[in-house]
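Nothing in this text is a laboratory measurement; each read-out follows from the coordinates by a stated rule. Since this is a predicted model, take the numbers as computed values, not measurements. Counting neighbours? That spans all protein chains shown, and the Cβs are built from the backbone with ideal geometry, glycine included.
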Amino acid sequence: MANFVLRLPATSCRSFSISASSNGAAPGNDIGKSQNGGPVILELPLNKIRRPLLRTRANDPNKVQELMDSIKQIGLQVPIDVLEVDGVYYGCHRYEAHQRLGLPTIRCKVRRGTKETLRHHLR
């Protein structure tokens, strides 16, 4: 199994697709899904990620501050979990910490989901 990181410009990135194949087969349109069905690791611009329920539910400010302090000291150690639904990416606490630190991109473990999956994650 191989992991890879794709770095994208922080600006002027409207849409993109990624495909790769290690078995010589023609690549498909499988962003957010590896060959074995698992997540893909991507470096995404922060402006391409949204916070679900931003208007109705806030992240714990103490947790976000602790994450900001940790990211400033040692950087992001593990990619954040991001759910991709219909081409839109959703993240929470570590995404907000990166945003408040003014960082342009974040390493993400992207999983593809549906609107129903997103609703289930928000319960």
Q: Name the residue farthest towards the positive end of the dipole of segment 66-123 from the options Q77, H98, V110, assuming +1 on Cβ of Lys and Arg, -1 on Cβ of Asp and Glu, about the Cα centre.
A: V110
Q: Would you mind getting me the FRET efficiency between L76 and E116? Use the beta-carbon distance for r and R0 = 25 Å, nearest 0.05.
A: 0.30
